[in-house]
1. Taking R0 as 35 Å, what's the FRET efficiency between Asp66 and Gln144 from their Cβ-Cβ distance, rounded to 0.05?
2. Tabulate in residue order the Karplus-calculated ³J(HN,Hα) for region 37-48, using 6.51 cos²θ - 1.76 cosθ + 1.60 with θ = phi - 60°, rounded to whole Hz; enter x for Gly and Pro.
3. Say the cut-off is 28 Å between C-alpha atoms; which of Lys41/Lys124; Lys219/Lys256; Lys226/Lys279; Lys21/Lys42; Lys172/Lys251 go over it?
4. Given R₀ = 35 Å, FRET efficiency for Glu19-Asn158 by Cβ-Cβ distance, to 0.05?
5. Considering amide H positions built from the backbone, and no H for Pro or chain starts, which residues 5 or more places from Thr242, or on another chain, come under 5 Å of its amide H?
6. Please list, in chain and number order, the residues 5+ apart from Ser178 or on another chain whose amide H is under 5 Å from its amide H, with Hs placed from the backbone.
7. Using θ = phi - 60° and the Karplus relation 6.51 cos²θ - 1.76 cosθ + 1.60, list the HN-Hα couplings for region 236-243 in order, rounded to whole Hz, with x at every Gly or Pro.
8. I need the phi-derived Karplus couplings for region 209-226: 6.51 cos²θ - 1.76 cosθ + 1.60, θ = phi - 60°, integer Hz, Gly and Pro marked x.
Amino acid sequence: MSLDPYTVLGVARTASDDEIKKTYRKKAKALHPDQHPDDEKKNAEFKRVSAAYEILGDKKKRGQFDRGEIDGDGNPRGFAGGGPAGGGRGENPFHGGGAHGDPFEDILSGMFGGGRRRNPGPQKGRDLRYRISVTFEDAVNGAQRRMDMGDGRALDVNIPAGIESGQTLRLKSQGQASQFGGPPGDTLLEITVRESDVWERDGNNLRMKVPINLQTAVKGGAVDVKTPSGTVTLKVPAGSNTGAVLRLRNKGVQGKTPGHLYARLEIMLDDPKDAGLKKWAEASEG
């Protein structure tokens with residue numbers, strides 16, 4: 001006999017969708033197998049809670065359960081809900097083919113010794129979706145980070161170099177456990193890359209502004225430049241002017257073919273009120 005999903009989650013039949021979701025997340029966090037790898041009792045309870053949310057977290061399935069069309073395991077209850085007049089097929093609560101097939105097709109198959117009985121095999125668990133943000137540096141260089149998910153889990157995420165906002169990472173078998181003996185679903189991470197106040201991305205290249213003083217611009221010299229992979233020394237040729245662009249090879253996005261970092265020079269006066277500098281400018285006018 002199947003369990004009542006409302007009882008399993010400990011919520012009232014009048015509970016809102018948000019109440020059901022919050023209760024499930026709280027229970028899943030407390031019971032998750034990652035927290036209790038050797039506790040079979042808690043692992044079994046986690047599966048029951050996940051199975052209950054599989055019903056109550058889906059508006060269509062919740063409605064079917066409330067109307068008595070499916071039981072707490074998602075199995076059809078006889079002919080509840082009926083079918084269209086004229087001997088048409090009834091609606092399959094498993095959206096086009098679940099582990100238990102169409103109840104009408106199974107009955108006819110048994111009566112006539114065979115027929116078109118579907119056997120799709122174990123059903124995969126539900127995929128879970130989250131939105132996460134990553135730093136500009138991690139998106140440029142690639143990284144491995146441990147991130148907290150909305151259900152309380154912490155997952156190790158490999159961030160590939162060059163990823164952009166809007167792209168999705170798929171973590172295989174890190175989704176919801178299957179209630180039908182199949183493999184777990186996947187976790188899908190929609191990426192948002194945080195903006196940088198130092199660099200701008202241009203395809204696989206990066207662009208930035210580098211301030212230099214007047215002396216370096218006139219005589220040439222070296223300045224330290226911050227890149228996503230660390231600080232490097234940039235050689236400024238003598239006679240450089242504001243707007244000149246220098247290239248730092250392979251300091252851009254670290255993909256299969258690394259991009260470059262383009263530094264735009266901007267002359268900045270160390271002390272605009274310097275008396276000697278003012279005298280020099282006045283003498284130059286003559």
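Values quoted throughout were computed directly from the atomic coordinates according to the rules given, and no laboratory measurement underlies them. For clarity, every value in this text was computed on a predicted model and none was experimentally measured. Cβ placement follows ideal geometry from the backbone for every residue including glycine, while neighbour counts extend to all protein chains displayed.
1. Numbers: r = 44 Å, r/R0 = 1.27.
That pair, Asp66 with Gln144, gives E of 0.20.
2. x, 10, 9, 5, 5, 5, 4, 5, 5, 4, 5, 5
3. Numbers: Lys41/Lys124 23 Å; Lys219/Lys256 38 Å; Lys226/Lys279 35 Å; Lys21/Lys42 20 Å; Lys172/Lys251 32 Å.
Over 28 Å apart, Cα to Cα: Lys219/Lys256; Lys226/Lys279; Lys172/Lys251.
4. Values: r = 35 Å, r/R0 = 1.01.
Result of the calculation: an efficiency of 0.50.
5. Close amide H contacts, sequence-distant or interchain: Ile267.
6. Gly125, Gly185
7. Computed from phi, the couplings for region 236-243 are 9, x, 4, x, 6, 10, 4, x Hz.
8. 9, 10, x, 10, 7, 5, 4, 5, 5, 7, 8, x, x, 10, 10, 7, 10, 7
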